[in-house]
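Okay, structure first, notes after.
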Amino acid sequence: MQTGPKNLLTDVAGLLVGSAACPRRRSGVTVVTAARPFTAGVHVMGGAPGTRETDLLAPDKTVAEVHALVLSGGSAFGLAAAQGVAEALADQGKGFEVAGHRVPIVPAAILFDLANGGDTTGPLPYHRLGAEALSAAGTDFALGTAGAGTGATTATLKGGLGSASLKVGEATVAALVAVNALGSATVGDGPQFWAAPFEIGAEFGGLGVATEAPDGWPGTKLDGATTIAVVATDAPLDKAGCTRLAITAHDGMARALVPSHTAMDGDLVFALTTGTGPQADLIRLGHGAALCLSRAIARAVWLASPEPGDIVPAWRARFG
C-alpha cells in the first residue's frame, strides 16, 4: 500500500487544513476547507455527540455542498468556532446563495477537553480560534499536540491531532482525527498500538504488533471523551456515498481505540469528496478510509508532545 506524498488529509488535492490553539485552556480548533464547496456526509457512533448543522448532511436534505468542516475542543462551548469560521467565510463572499444573501455552511463537531488541567476561566476563545484556524489553512499542518487535539487525552496517554492518506488505485483517500478517547490507543501497558497491523513504514514508530494480549478489562477514563474525524477522497460521490464512507470509516476507529463508540464518547466521522479525481469502487474507498483513520489515530498519540502539567503522559514521555 502507498500513502500520498504528505501522508496528510491534504493529499486529497484541493483540501486545506488550518489549526489554532489556546495554550492557557489546553484547547484548540481545526478547520477543513477548500477553494470550492464540497459534498459531505456524516455518521455518529458515540452516545454523547456535540454537533452543528449535521442534519443537513443527510442524503435527503436540500443543501448539497458545504464550505468548511470544523473539529473543536471545548465541549459545547467549542461550537462557537463554527460561527467564527462562517463569519470569516461570509466576509470572503462565500456561502450558499439564498434570497440575495450568502450563508456559509459549516458543520462542526466538538470533543470534551475541559478536565485536562487547562485554565478554563476567562473569556471563551473559540469564535476567535475558528477564524484563526481558517486563516491558517494550507496544505501543511502540524500533528500531535495541535489544533483540536491540543488538549486531547486517552485513558492512558495524551491524545492529539493525527492524519494519514492512502492511494486507492488512481484515487486518494485520507483521514484527519482529533483523538480524545475514553479508551486507549495502545495495547495494555506496552508501547504498541492497536493500529499496528495497518501501519505503513514506520509512520508511528514501527513497533510491530503486541505479542501478548492485555490482561483484564481495558482501561478507560471517566471525565469526558469523544474522537472526531474527517475522511476525504477525490473520487466522485454523492451525499449518500459520503454517508456510507463515513459509516465504513468508523471501523478504523474501533480497530485503533479500545473501547470505542461508548455511551460517554461522542465519536463522529465526517466524510467528504472534492469530486475532482477518478472513479473508484466505494467498497475499496471505505476500506481505505478505515485504514487511514486507524493509522491517523496512532499517529496522533505517537506525535503528542510532553508539556508541563500533563494529567496523563505523552507517548514519547512514557516510552521514549
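Here, each number is a calculation from the coordinates, and none is a lab measurement. Just so it is clear, the structure is predicted and the values come from calculations on it, not from any experiment. Reconstructed Cβ throughout: ideal geometry from the backbone, glycine too, with neighbour counts over all protein chains shown.
Defining a contact as two alpha carbons under 8 Å apart and six or more residues distant in sequence, what relative contact order in percent does segment 162-264 show?
Working: 136 pairs, mean separation 38.0, N = 103.
The normalised contact order for segment 162-264 reaches 37 percent.
Computed from label points 7 Å out along Cα-Cβ, the spacing between Asp251 and Lys167 is 2.3 nm. Within the straight-line cut-off of under 26 Å between alpha carbons, the lysines reachable from Lys221 are Lys158, sequence neighbours fewer than 8 places apart in one chain being disregarded. A straight line joining the Cα centroids of segment 43-104 and segment 261-311 runs 19 Å.
Report the FRET efficiency, 1/(1 + (r/R0)^6), for Val98 and Ala240, where r is their Cβ-Cβ distance and R0 is 22 Å, rounded to 0.05. Numbers along the way, then the final one.
Numbers: r = 24 Å, r/R0 = 1.07.
That gives a FRET efficiency of 0.40.
Only lysines eight or more places from Lys167 in sequence, or on another chain, were considered; those with a Cα closer than 22 Å are Lys6, Lys239. Could you give the Stokes-Einstein D for segment 245-312 in µm² per second, using the C-alpha Kirkwood radius, 10 °C, 1.306 mPa s? D = 115 µm²/s.
Over the chain, what is the relative contact order in whole percent, taking alpha-carbon pairs under 8 Å and six or more residues apart? Here the relative contact order equals 25 percent.
Put a dot 7 Å past the Cα of Ser135, heading toward its Cβ, do the same for Met264, and the two dots end up 3.8 nm apart.
Among the trypsin sites (Lys or Arg not before Pro) within segment 1-105, which fall in a DSSP loop and have no more than 12 other Cβ atoms within 10 Å of their own Cβ?
Passing both the DSSP loop test and the Cβ count: Arg24, Lys61.
Spacing of the modelled spin labels on Leu56 and Trp217, each 7 Å from Cα toward Cβ, amounts to 4.3 nm. Helix-only arithmetic for the chain: the sum of -39500 (n - 2.57) across DSSP H runs with n ≥ 4, divided by the residue total, places the mean residue ellipticity at 222 nm at -6500 deg cm²/dmol.
Mean Kyte-Doolittle of at least 1.0 and a Cα length of 27 Å or more along the axis: which whole DSSP H helices of the chain meet both? Walk me through the numbers on the way to the answer.
Numbers: long enough: 282-303 (31 Å, 1.11).
Result, helices passing both filters: 282-303.
Scalar couplings 3J(HN,Hα) for segment 200-211, obtained by applying the Karplus form with A = 6.51, B = -1.76, C = 1.60 to θ = phi - 60°, are 10, x, 10, 5, 9, x, x, 7, x, 7, 4, 8 Hz; x denotes Gly and Pro. Rg over Rh for the chain works out to 0.95, both radii taken from alpha-carbon positions and Rh defined as the Kirkwood radius. As a proxy for reagent exposure, ranking Cys292, Cys22 by other Cβ atoms within 10 Å from fewest up yields Cys22, Cys292.
How do the peptides 69-75, 165-171 rank, highest first, by the average count of neighbouring beta carbon atoms within 10 Å per residue?
On the way: 69-75: 29.9, 165-171: 19.4.
By packing density, highest mean first, the sequence is 69-75, 165-171.
Can you put Asp215, Asp267 in order, fewest other beta carbons within 10 Å first?
Details: Asp215 7, Asp267 28.
Starting with the residue having the fewest Cβ neighbours, the order is Asp215, Asp267.
Sparsely packed loop sites in segment 175-284 (the GluC sites (Glu not before Pro) outside DSSP H, G, I, E and B with at most 13 other Cβ atoms within 10 Å) comprise Glu212.
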